[in-house]
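Reviewing the structure listed below.
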Amino acid sequence: MSIAFVREKEGGEAFEDLPDRPVSPHPNFVTPEGLALIDAELDRLHTEHAGLSHDDKANMARVNRDLRYWTARRNSAQVVEQPPGDTVHFGSTVTIAREDGAEQTFRIVGEDEADPAKGTIAYVAPLARALTGKQAGDAVTVADHEVEIVSVR
């Protein structure tokens, strides 16, 4: 471990002083569900913090770092309601057909709630950016692969 991340406390006891988590330079757009996820994570961290011993410096540093991150994300969150229509936008659920014929469905969400394995991608992802403003039947090319929009909800 680098000495840069270790501080000595009076009495010679060492503990980790974790650097802050990086915060995206993009606007913090969130769905209503994404805002609820941030609030739940803050609640969980506050509960965990309350249960920690002051002697548990490593876990205290981790929880404090995560509290700073999620508090900043909560303070900068901009809830975006999904407008009606058939154009791809933030919050849309989009089904695409890939070149190999396989279909894939995902929802365009905020950065912190994106999880491709669960069918969500960040609005700043290249695919989401390419699809934004398009409609069913339109085709776009991303990373040298063409996809066609099958449906938008």
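The values are calculated or read from the model by the stated rules, or taken from the named source; none is laboratory data. Predicted model only: the values in this text are computed from it and were never measured. Methodologically, a virtual Cβ is constructed for each residue, glycine included, from the backbone with ideal geometry; neighbour enumeration extends over all protein chains shown. Ligands, DNA and RNA are excluded from the accessible area calculation, which covers all protein heavy atoms including side chains. Shrake-Rupley method; radii C 1.70, N 1.55, O 1.52, S 1.80 Å.
Quick notes on this structure:
- Applying D = kT/(6 pi eta Rh) to segment 84-153, where Rh is the Kirkwood radius over alpha-carbon pairs, T corresponds to 25 °C and eta to 0.890 mPa s, the Stokes-Einstein value obtained is 208 µm²/s.
- Total formal charge among the other residues, if their Cβ is under 15 angstrom from that of Trp70, Lys/Arg +1 and Asp/Glu -1: -2
- Read-out log10 I(q)/I(0) by the Debye sum over Cα atoms at q = 0.11, 0.16, 0.19, 0.21 Å⁻¹, derived from the coordinates shown; its label in (1) -0.38, -0.85, -1.23, -1.50; (2) -0.44, -0.86, -1.14, -1.33; (3) -0.58, -0.89, -1.09, -1.23: (3)
- Residues in the chain average 60 Å² of solvent-accessible surface per residue, probe 1.4 Å, ligands and nucleic acids excluded.
- In this calculation the C-beta distance from Arg74 to Thr95 is compared with R0 = 41 Å, giving a FRET efficiency of 0.85.
- His145 paired with Arg129, simple spin-label distance in nm, labels 7 Å along Cα-to-beta-carbon: 1.8
- With 0.36 nm allotted per residue and the present C-alpha distance subtracted, the His54-Asp39 stretch has 2.9 nm of extension available.
- Helix 32-51 and the long axis of the chain differ in direction by around 10°, with both axes built from C-alpha atoms.
- Isotropic mean projected area of the C-alpha convex hull, segment 42-84 (nm²): 3.6
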